[in-house]
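Below: the structure, in structure tokens.
The values are calculated or read from the model by the stated rules, or taken from the named source; none is laboratory data. Note that the structure is predicted; figures quoted are calculated from it, not measured. Cβ atoms come from the backbone with ideal geometry, glycine included; neighbour counts cover every protein chain shown. Keep in mind that these areas ignore ligands, DNA and RNA; they rest on the heavy atoms of the full protein, side chains included. Shrake-Rupley method; radii C 1.70, N 1.55, O 1.52, S 1.80 Å.
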Amino acid sequence: ARRILPLVMVMPVGMIWLRIILQRVGFDAQTADVAVFLVFLVVILSWGIWIAAVRLDFLDVKKAEAEKQAKTWLELMQYVIKHDPNAIAVLDNDLRHVFVSDGFLKAFGIPGKDTIGKHHYEVFPDIPERWREVHRRVLNGEVLQSNDDVFERADGSTDYTRWKCQPWQLQDGSTGGIILYTEIINERKKFEQEILTLNRELENRV
């Protein structure tokens, strides 16, 4: 509107001036009016098309720049998460793996496997119901965590873990999925058990 309005304001003067010129060179009034109308119609349409083309070209450039920047940040985030030594898994709202760290694959005995795009329960088919309930609650907006939990592996072994599970949001504020932060704390639990055993022995001696 800012670009077209000045042209619209100048149009009446230009049309009158062009009509006078056409009449002076021999056009009758009716023919001159038709010619003036067609000329300025072409001018207006051309001007409008040019403005639209310039604007669309500007928007295309900005869109391409935004997409390039978003891709750069996405690749950076994927790189950072992948090489994080901690066990991190980013899942979408269908519980499919979006990003996983190498630490996550190592901690849960799945190194070298590509889990991206796979359902979390496909990767962990024996996951207990209590964990499924945690995932449901987090998808509904809760943030849950535990500083001392037991993870029973499919082979019957047991790991002690510290974990946090929280939702992540899309730009519109809706839940895009969940993030799992997990730390295997077997060494800490072993040390705590040794301390407890030592304390009991000392109490028995006393």
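Per-residue Karplus couplings for the range 62-73, computed as 6.51 cos²θ - 1.76 cosθ + 1.60 with θ equal to phi - 60°, are listed in order as 5, 5, 4, 5, 5, 5, 5, 5, 4, 5, 5, 5 Hz, Gly and Pro entered as x. For residue 118, nonlocal amide neighbours, meaning residues 5 or more places apart or on other chains whose placed amide H falls under 5 Å from its own, are 97. Pairwise Cα distances in the range 76-206 exceed 19 Å for 55 percent of all pairs. The heavy atoms of residue 197 offer some 60 square angstrom of accessible surface to a 1.4 angstrom probe. What the Cβ-Cβ distance of residue 162 and residue 63 gives, at R0 = 35 Å and to the nearest 0.05, is a FRET efficiency of 0.20. Extension gain for the segment residue 155 to residue 175, taken as residue separation times 0.36 nm less the Cα-Cα distance, is 3.8 nm to one decimal. Number of Lys-Lys pairs in the range 53-206 with C-alpha atoms under 26 Å apart and a separation of 8 or more places or on different chains: 18.
Percent relative contact order of the range 57-126, based on C-alpha pairs within less than 8 angstrom and at least six residues apart? Could you put the intermediate results ahead of the total?
On the way: 73 pairs, mean separation 15.9, N = 70.
The value is 23 percent.
Within the full protein context, the accessible area of residue 71 is estimated at about 120 Å² for a probe radius of 1.4 Å.
Charges at C-beta only: +1 for Lys and Arg, -1 for Asp and Glu. How large is the resulting dipole of the range 127-198 about its Cα centre, in Debye rounded to 20?
120 debye
Annotation: amide H-H contacts under 5 Å for residue 161 (H modelled 1.01 Å from N, sequence separation of 5 or more, or interchain): 149, 150, 151, 185. If the chain linking residue 145 and residue 49 were pulled fully straight, counting 0.36 nm for each residue of separation and taking away their Cα-Cα distance, it would gain 28.8 nm.
Applying the Karplus relation 6.51 cos²θ - 1.76 cosθ + 1.60 with θ = phi - 60° to the range 177-188 yields 3J(HN,Hα) values of x, 9, 10, 10, 10, 9, 10, 7, 10, 4, 5, 5 Hz, where x marks Gly and Pro.
Within the assembled protein chains, the solvent-accessible surface assigned to residue 174 is about 50 Å², based on a 1.4 Å probe.
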